[in-house]
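What follows is a single structure, written as structure tokens, with notes after it.
The values are calculated or read from the model by the stated rules, or taken from the named source; none is laboratory data. Predicted, not measured: the structure shown is a model, and the values here were computed from it. FYI the Cβ positions are ideal-geometry reconstructions off the backbone, even for glycines, and counts take in every protein chain you see. Note: areas computed on protein heavy atoms with side chains; ligands, DNA, RNA excluded. Shrake-Rupley method; radii C 1.70, N 1.55, O 1.52, S 1.80 Å.
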Amino acid sequence: MNGAALPEPQAVLDGGERRCGELLLAIRRAIERLHGGEVLKLVCRDPGAREDIPAWCRLTGHRLVWGDGSTFYIARKE
């Protein structure tokens, strides 16, 4: 993030070994518990997450604040 600090997450989801479909459902459930603008920190071990999470954010309107392939910060849409 170019030296900028990551936002403090309001929720953390350990995606564990879940794969695409199961992981995206878990993210959706976690995001639904947040208010607009609040941040979910996702930690996962699915190698496909590097492509899946940014695409899911674009499709749903949530904002990917930061991600490195195994950890993602997702801000719920307003």
Review point. Taking the stretch 22-77, which residues are open to solvent by 50 Å² or more (accessible area, probe 1.4 Å) and among the aromatic types (F, W, Y)?
Key: W66
Review point. If you check every pair at least six apart or on different chains, which have Cβ atoms under 6 Å apart with a residue in the stretch 58-69 that is closer than 15 Å to L6 by Cβ first and a residue that is open to solvent by less than 70 Å² (accessible area, probe 1.4 Å) and of a type in the set (S, T, Y) second?
Key: V65/Y73; W66/Y73
Revision key, fill the gap. Contact list, first residue from the stretch 11-38 and under 18 Å from L64 (Cβ atoms) and in contact (Cβ under 8 Å) with a residue 24 or more places away in the chain, second anywhere and open to solvent by less than 70 Å² (accessible area, probe 1.4 Å) and part of a helix (DSSP H, G or I), beta-carbon distance below 6 Å, six or more apart or interchain, is A11/A30; L13/A30; G15/L23; C20/D52; L24/W56
